[in-house]
Structure formats: C-alpha cells, structure tokens
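Worksheet for the structure shown next.
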Amino acid sequence: MHQHHEYAFIDESGDPSLEIEKDGVSSYYVIGAILISGDDNLALCRQLAETVRQTNFGEGEIKSSSVGKNIKRRRVILNDLSKLPLVFYAFIIDKQNIYKDSGLKFKKSYIKYSHGRLYKRLYKSFSSLHVVADEHGHPEFMESFKLYLKKNYQRNLFDHEDFSFANSTSEILLQIADFLSGSVQRIFSGKDPRDVFNEFSAITIMLEKWPPSADSLGFMEGLETSEKFDNIVAEQGIMHARSFIDAPSSVDNEEIESQVETVRYLLYKYELNPYGYVSTKEILNHLNQTREAELKEHRFRSHVIARLRNNGVIIASGSNGYKLPNCSTDMDTFVSLVNTQTIPYLKRLSYARRQLILATKGGYEIIPKEKYPDLLKCIESIEEEDFEQ
C-alpha cells in the first residue's frame, strides 16, 4: 500500500537569547513550520515557490530580512505564498512574559521546552512525517531537535531519513518557512501592523503563543469606568485557560486531550480576535483532525465544554459559539443564554410537578430530594417566587 507522506520544513526567526534588554535581541522568538501533504503537493509547492521567488526576488532567496520594513512588498509576497498548497504553524515565544524567576530563564531549558512543544504536536498529528530544518539555525535549536527525536522516537518508528538539516539556499521550502516566521515575528514585535496577518491567515492553521497573555491585544487601553471589570474578566479568562493547559493531567485519554486542545484552540482564536466567537463546528473540525474516534457535538458539549467549566476554565458562550471572555459583555451574553435556556425549563418542570402532586394528593414527587437535591432547591425557589407574586 502506498504510504501518504507528510512534510514539515522548519525555520526560526528571532534570537533564542532571553537577555532582551541587550541590543539587537528580539523580544519574540518564532519557530515556524510549513506542512505539506503528499508528494504531489510537495512538487507543486516547489514549482509555485520558484515562480514567487523569481517574480519577487529575481536571482536571490525568498528571505524575510531582505524585505525588511517594506510592508507593501511584504503583503504582495505573503499573498502570493498563501496560494500554495501548504499550511503554516508557528510557535511564538514571548520572551518578555517568561517569568524571570522560572526555570526557563536558563536558555537551554526554555529552548528545549519550546521545541519540545512543537515537535510533540507535529509528530502526534502525523504518522509519517519527514522533517527538514534549516542548518543555519541556532546551534541550540538544532541540538534540541536531534535530542528530542532521539529520546522520544525509537528507530523503527522514525528512521534517520525522517529528519534532516538542509541549506536554505538549496531548499526553497525552507525559504518560505523563513519568510512566514519572519513575518509573524515582525507582527508580534509591533514592527508591522497586525492586519498584515490577513495576507496569510488563509494558510495559517495555528499560531500558538506561549505564554498566552491577557493583554496581548492591548484591549486595556482607554478603558471607560463602565468597563472597569473588563480587564478582570479577560485576565481571569486567560489565566484559568493557561493554568488548565499547563497543569499536567495524571489521566491520559482522548477526552482530556480534547479538553486541552479546545482550550488551546480558543486561546489561539482569542489571540487573533478577542471579540470573536468560535462555532462548535469549527472547534469539532479542529479536534477531529487528530482524534481516532470522531467526537460528536453532544459529547463535545457534555464531556469537553462542561468538564472544562467544572475545572474552572471560564468559557463564555452565545448563539454564535464559544470564546474565552475578554469583557463583561461576554459574561452577560453567557448569563443571558443560561437564563433563556434554563429558567423556562425549570418553570415547565415546576408546573408538571405541581400538577402531579395535586393529582396524586402529594403521593408522587417527580423530583425526589435524595436523588435531585440541587434541582429540587432551584424548583422550590422558583415556586416560592411564583407564590409571592
């Protein structure tokens, strides 16, 4: 049987040094991977990339640094690249937010951690993955990759051919990884406006920012007093989402993985647009890409969203889907949804209960206290209120 190969071309942008106060050291470090599915797409990508290179760079390489701050030119190139049959994934490390007192202040452990996150994600998602990384990468980047593969994957699973270093001069697809990673790095560092991302959002499947920050989009600027709780809501939303992802679970099953992945995806969408809701369908599509057994909508609500909320993750929902909250309006939408859905249900149940109690002269209690103590309390308080009115 012909095996379907997946290819990843990986490059980094920015400096892994944590000493960001030094001149020339970037505040963001980006590891970018372009993922290509199947040999036909690989050949097509090379061919189309070559055209993009000749059109925009003549004889030179496709290189982010050679475009620099020429935004107009960068937009054109990004737009051209977004027509290639590939997807882009980036792991973005915000070095300003790595707590100075954490173990990650030691460069080696932070490099190991961030690369570990990326490779784990890639290798988990694809069973037959060929990885090519830029040999001009920082030595730590290359070492950490080799060690990670050696430690985590036995020979029979990933043979040596499945991982190699190449020179970007001779590998045009590494040039694309360079260009996209460099563009992400410029956007996050504030050198380029955020809307440059629109040029390549069509091919971007994931921008995973670590650590995710509550103020990444500056929504706390110019707050009116009426919005004084907005920053608390946003801060709490991000904080609880983050701690859920970072808390290692002792249980290893698909359901918990789907919970973690849902929170990660909501964080990613929040980074792109803190005001947007994400539909159930979109989250399910994302989760089902890597799951063995397809997750259905009902189970997603009861075993993923409900359990995340039980674990303290604040997820707002409205008619358009779910989101991490970033203002009091999000919470109000959620409360309103619960109110519209729950209160009428309880009132209808209460009416049926009273009818049957009356008909059986108190002999039939449809909500026995020992079985449904909380529900009975709610129903009784609704009945008291009706009685008082």
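Just so you know, all these numbers are worked out from the coordinates, no wet-lab data involved. The structure displayed is predicted, hence computed values, not measured ones. Heads up, the Cβs are rebuilt from the backbone with ideal geometry, glycines too, and the neighbour counts pull from every protein chain shown.
At a glance:
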{"read-out": "Whole-Hz couplings from phi, Karplus 6.51/-1.76/1.60, listed for segment 6-15; x for Gly and Pro", "value": "10, 10, 10, 10, 10, 9, 10, 9, x, 9"}
{"read-out": "Packing-based ranking, highest mean first, of 299-309, 331-341 given that Cβ atoms within 10 Å are counted", "value": "299-309, 331-341"}
{"read-out": "Extension gain, residue 302 back to residue 260 (0.36 nm per residue minus Cα-Cα distance, nm)", "value": "13.6 nm"}
{"read-out": "Within segment 326-365, backbone nitrogen closer than 11 Å to the virtual label 7 Å beyond the Cα of residue 371 toward Cβ", "value": "365"}
{"read-out": "Estimated FRET transfer efficiency (residue 170, residue 87; beta-carbon r; R0 25 Å; 0.05)", "value": "0.60"}
{"read-out": "Kirkwood Rh in Å, taken over all unlike Cα pairs in segment 263-389", "value": "17.3"}
{"read-out": "Unit Cα scatterers, Debye sum, segment 340-388: log10 I(q)/I(0) for q = 0.13, 0.17, 0.26, 0.29 Å⁻¹", "value": "-0.28, -0.49, -1.07, -1.20"}
{"read-out": "Fraction of alpha-carbon pairs over 17 Å apart in segment 225-326 - percent", "value": "50"}
{"read-out": "Burial ranking of peptide ranges 269-281, 234-246 (average Cβ count within 10 Å, highest at the top)", "value": "234-246, 269-281"}
{"read-out": "Listed pairs 83/269; 63/269; 347/369; 63/83 exceeding 25 Å between Cα atoms", "value": "63/269"}
{"read-out": "HN-Hα J in Hz across segment 162-175 - Karplus 6.51, -1.76, 1.60, θ = phi - 60°, x for Gly and Pro", "value": "7, 9, 8, 9, 9, 9, 4, 4, 9, 10, 5, 6, 5, 5"}
{"read-out": "Simple label model, 7 Å out from Cα along Cβ direction - residue 205 to residue 351, nm", "value": "5.0"}
{"read-out": "For segment 268-276, 3J(HN,Hα) per residue [Karplus equation, 6.51 cos²θ - 1.76 cosθ + 1.60, θ = phi - 60°, Hz, x = Gly/Pro]", "value": "4, 5, 5, 4, 6, 8, x, 9, x"}
